[in-house]
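The values are calculated or read from the model by the stated rules, or taken from the named source; none is laboratory data. Note that the structure is predicted; figures quoted are calculated from it, not measured. With ideal geometry, Cβ positions are generated from the backbone for all residues, glycine too; neighbour counts draw on all protein chains shown.
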Protein chains: 2
Amino acid sequence: MSSVALGQGPAGARDPLSLVFAALADPTRRAMLTRLRRGPATVAEIGEPFDMTGPAVSKHLRVLERAGLVSRGRVAQSRPATLQAEPMRQVAEWAEEFREFWEKRYDRLDDYLSTMADDPEDRA
Amino acid sequence: MSSVALGQGPAGARDPLSLVFAALADPTRRAMLTRLRRGPATVAEIGEPFDMTGPAVSKHLRVLERAGLVSRGRVAQSRPATLQAEPMRQVAEWAEEFREFWEKRYDRLDDYLSTMADDPEDRA
DNA sequence: CAGTTATCTAACCAACTGGTTTCCAATAGG
DNA sequence: CCTATTGGAAACCAGTTGGTTAGATAACTG
């Protein structure tokens, strides 16, 4: 190799779906989203159930925001967060492509081969 | 504080669902899973589409394995990976709980106000 | 203007991630 | 036994994550 071994794979610049999955890969953030199903809430309200400082809550909300899962508003001093479920639909849609595999029994290899017909590429 | 701020929140010891979401938060790994819908494959086969060394592929497979998304076997020197879609079902199930929110229209501010308006101050 | 409330920014830290290169273990075959 | 093939393990590096504390910003209140 002519070049030195340099930083190749930072996890930073991810595609949209990866951002959503990464945002969901934290129980605190998932709980926050569940909380937001009851309606918009302020940072203090969202963070209340967790033993966590304000900035920590704020950071989690930012991750959710960058993933498109919440939007922020402004009401007086508060910046209420509102659930945006569209990315969740994409998650469900992507997972659904594997439905046949969790519904089927794989005792037989025959089944497995017969169901494999065609499918476009992964679109990340 | 008298004590130093140590070991607060490593991302390591996560719950099962978080492990699954984290595993899916990488386009390479999602592509690997898509590849495995066509049937079990060896490490070399799985890594072939990616410009990546063997150990890197191996690491990705390990992440998928820890998340329960693939199982490994042994055939001669090869250790074929097989898709296990059960965790995917849980992902779909979790996301589905938000269905009403991505089906609903939220153009109305009424919903938003109805949850916040404990004391309807007029502010305009 | 000063103070309170609500939230964010900045700087810092330890642990994890995702890649690399190098080396090791197990299996098939002459 | 020796060798080639297939894959994993160890050590390393740069960048991200998730938390902290301390200070800044914005809007309401007096």
Turns out the helices (runs of 4 or more DSSP H) fully within region B:28-124 with at least 3 residues that are away from DNA strand C (no atom under 15 Å from the Cβ) and modelled with pLDDT under 95 are B:99-103, B:109-116
Within region B:40-49, track down each residue that is surrounded by fewer than 19 Cβ atoms within 10 Å (Cβ to Cβ) and in contact (Cβ under 8 Å) with a residue 40 or more places away in the chain. none
